[in-house]
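The values are calculated or read from the model by the stated rules, or taken from the named source; none is laboratory data. Computed from a predicted model, the values in this text were never measured in an experiment. Positions of Cβ are generated from backbone atoms using ideal geometry, with glycine treated the same way; all protein chains shown enter the neighbour counts.
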Amino acid sequence: MKTETNSLNHDSEQRWYILGAGAIGCLWACALRQAGEAVSLIVREPRLKDSSKPQQQDIQLTPFDKTQSRQNFSVELITAAQLVQNQTADTPIDRLIIATKAYDAVAAVESVLPCLAPNAKVISLCNGMGMHQTILAKLRSYINQQQDRQLYLGVTSDGSLLSNNYQLTHTGQGETFIGEYIDAITEKRVKPSTAFPSIVFNQEKFFLNTQASDDINFHAWQKLLINCAINPLTAKYQCKNGELLSEPVFYQHLVNLCDELANIYQAFSKKNMQPDSRPLSAITAEALLNAASHVATQTMANSSSMLKDIQAGRRLELDYLNGYIVKLAAAAGLDCPINEQLIADLTANSAIIN
Ligand code: KPL
């Protein structure tokens with residue numbers, strides 16, 4: 001096993017802060033450490049041995065390519081309270097990754113707002129939609145007109161599994177599209193956006209496949225709809241992703257759900273042509289079923305994040321997935337009985353488990 005050496009000095013220019021020490025947060029931490037960047041994972045207090053000070057932690061990564069040996073990457077674990085307490089003017093956070101559950105994202109960003117640099121670049125790798133507008137408003141609320149914090153979306157199809165004690169397996173080599181989030185309803189960008197730190201696009205140094213996108217809305221919507229199709233059905237039927245295609249009853253449910261999702265999406269997209277994006281109406285029911293089937297095939301032996309959440313008794317991300325779609329449907333005056341029934345079933349189910 002290889003162990004990389006970790007520089008402990010706090011060179012704020014090169015340090016990335018990651019909110020959320022789950023599987024995706026840890027995967028990005030390893031990729032950044034391997035590329036020579038410093039990384040701090042912002043964690044909740046109980047994850048520290050001594051809550052009064054930050055600590056070093058090794059993450060052991062099993063790479064996607066099984067011919068490569070396992071590697072240890074050392075990162076700093078720190079709490080938001082410690083960051084706020086110890087902040088000085090010359091150590092602001094200028095690179096922040098949000099890798100929490102969707103429902104925790106706004107509060108997590110708020111907890112580090114006082115430490116964010118005026119020109120900080122913030123990227124959200126969260127599933128779901130409905131929180132980005134609020135996050136952008138929070139980022140902008142602390143600065144004056146001349147300054148410009150930017151929010152990016154990272155739409156990722158990488159798969160990873162984190163077990164206890166920071167053992168991480170990169171289970172699926174996907175790709176991540178990165179583009180600036182622009183709230184089309186309230187904001188038309190006047191200043192051209194500056195680029196996201198180039199290290200994450202350096203394919204020689206950074207082991208994740210990343211691509212800059214000038215049409216991030218399209219990727220974000222596509223991922224949202226795929227998650228809305230696969231996640232609640234696998235949680236309802238307690239099945240692996242691939243079983244949605246092989247069990248006729250599950251598959252028929254998937255077909256009907258994709259139909260309803262695509263209808264709502266198309267009604268919404270006709271009303272809200274995004275100024276910086278290709279027309280959103282490119283996703284038809286058939287295209288969505290194909291895309292969802294492709295992802296279910298690629299990840300056939302995996303449990304979706306919602307199935308894992310329900311099995312672990314955790315809160316579900318429904319409000320930011322199908323719940324978000326239900327809100328759009330209501331605004332467009334459309335019925336969405338399949339989505340509503342799924343939400344009702346899963347809410348009842350997770351209440352029993354909890
Ligand atoms: O992103 C996923 C998730 O589980 O949240 C999919 C793509 C559905 C893979 O399981």
Using the structure shown, decide if Ile93 is within 30 Å of Ile325 (Cα to Cα) and surrounded by 20 or more Cβ atoms within 10 Å (Cβ to Cβ).
no
What is the number of the single condition among (1) within 11 Å of the ligand (Cβ to nearest atom); (2) surrounded by fewer than 22 Cβ atoms within 10 Å (Cβ to Cβ); (3) modelled with pLDDT of 95 or more; (4) part of a helix (DSSP H, G or I) that Val255 does not meet?
(1)
Scope the stretch 222-236; condition hydrophobic (A, V, I, L, M, F, W, C), near the ligand (Cβ under 6 Å from one of its atoms) and under 16 Å from Arg315 (Cα atoms); matching residues:
none
Residues of the stretch 203-221 being in a loop (DSSP other than H, G, I, E, B) and within 16 Å of the ligand (Cβ to nearest atom), in sequence order, are Leu208, Asn209
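I want to confirm something. Restricting to the stretch 66-78 and keeping residues that are surrounded by fewer than 16 Cβ atoms within 10 Å (Cβ to Cβ) and in contact (Cβ under 8 Å) with a residue 12 or more places away in the chain, which single residue is farthest from Asn165 (Cα to Cα)?
Ser69
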Identity of the residue in the stretch 284-315, of a type in the set (D, E, K, R) and more than 10 Å from the ligand (Cβ to nearest atom), that ends up surrounded by the fewest Cβ atoms within 10 Å (Cβ to Cβ)
Glu286
If you scan the stretch 316-338, which residues turn out to be more than 10 Å from the ligand (Cβ to nearest atom) and among the aliphatic types (A, V, I, L, M)?
Leu316, Leu318, Ile325, Val326, Leu328, Ala329, Ala330, Ala331, Ala332, Leu334, Ile338
Could you please give the count of residues in the stretch 237-252 that are acidic (Asp, Glu) and within 11 Å of the ligand (Cβ to nearest atom)?
0
Count of the stretch 287-335 residues which are free of Cβ contacts under 8 Å to residues at least 40 places away in the same chain and among the acidic types (Asp, Glu):
1
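Quick test for you: out of Val200, Val155, pick the one residue that is modelled with pLDDT of 95 or more and part of a strand (DSSP E or B).
Every option except Val155 fails the conditions.
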